[in-house]
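One structure is given here, and the rest of the page talks about it.
The values are calculated or read from the model by the stated rules, or taken from the named source; none is laboratory data. Everything numeric here is computed off the predicted structure, so don't read it as measured data. Glycine gets a Cβ as well: all are built from the backbone with ideal geometry, and neighbour counts include every protein chain shown. Heavy atoms of the whole protein, side chains included, go into the accessibility calculation; ligands, DNA and RNA do not. Shrake-Rupley method; radii C 1.70, N 1.55, O 1.52, S 1.80 Å.
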Amino acid sequence: MSLFNENTTVEDLLALKKSALLAYLKQKNRKISGTKLELAQRAFEVNKEDNVCMPTSSVSDAREKGSLSDTESRSNSHVSDTDIISVDSLNSGWTSDTKLFPQISHRDVEQYLIYSSHRTEDSGKMECYRQFIRGFNFYKEGYIHNIMRRT
């Protein structure tokens, strides 16, 4: 399917018939049940995975073996080994020590999300009631487990 490339959006996929989405997902050995929206989102994720650039070493290895065309090797050549960040460096430097967090009360969050106006263009109140209530409910229901900050 020529529609499936790195520029494909979920909206593009929603324009397809459900049978086309099913055929694509079946071809990729993915789950094929769900609504058209779910299928389009799943197809988008699969397409995104398929179009991720390979690391440079893999590109050069594949080029040497002759398994990549010139077009494929040129499109992936912008990724270098220095661009790849190690997982250990991302995990280091974080703490959950609450003494390091600023003191913020429920009232402070309410003032910011509902009554402040510095984030709107017309100097009106933000009035983010829904976001305020959803965030508080996430906290009350135990969805927020670990809060960490970079040291």
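Given (1) of a type in the set (Val, Ile, Thr); (2) farther than 30 Å from Arg150 by Cβ; (3) modelled with pLDDT under 85, identify the lone condition not met by Val87.
Only one criterion in (1) of a type in the set (Val, Ile, Thr); (2) farther than 30 Å from Arg150 by Cβ; (3) modelled with pLDDT under 85 is unmet by Val87, namely (2).
Table: residues versus (1) of a type in the set (A, V, I, L, M, F, W, C); (2) part of a loop (DSSP other than H, G, I, E, B); (3) out of contact with any helix residue (DSSP H, G or I) (no Cβ under 6 Å at 6 or more places or on another chain).
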site: Lys99; (1), (2), (3): no, no, yes
site: Gln103; (1), (2), (3): no, yes, yes
site: Ser123; (1), (2), (3): no, yes, yes
site: Arg130; (1), (2), (3): no, no, yes
site: Asn137; (1), (2), (3): no, no, yes
site: Gly142; (1), (2), (3): no, yes, yes
site: Ile147; (1), (2), (3): yes, yes, yes
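Under 9 Å between Cβ atoms, which residue pairs at least 6 apart in sequence (or on different chains) link something in region 6-26 that is farther than 14 Å from Leu37 by Cα with a partner that is modelled with pLDDT under 85 and β-branched (Val, Ile, Thr)?
Glu6/Val52
When the residues of region 99-120 are narrowed to those that are among the β-branched types (Val, Ile, Thr) and in contact (Cβ under 8 Å) with a residue 12 or more places away in the chain, which ends up most open to solvent (accessible area, probe 1.4 Å)?
Kept after step one, since they are among the β-branched types (Val, Ile, Thr), are these residues of region 99-120: 104, 109, 114, 120.
Next, from what is left, pick out any that are in contact (Cβ under 8 Å) with a residue 12 or more places away in the chain: 109, 114.
Values: Val109: 59, Ile114: 6 Å².
Going through the qualifying residues, I end up with Val109.
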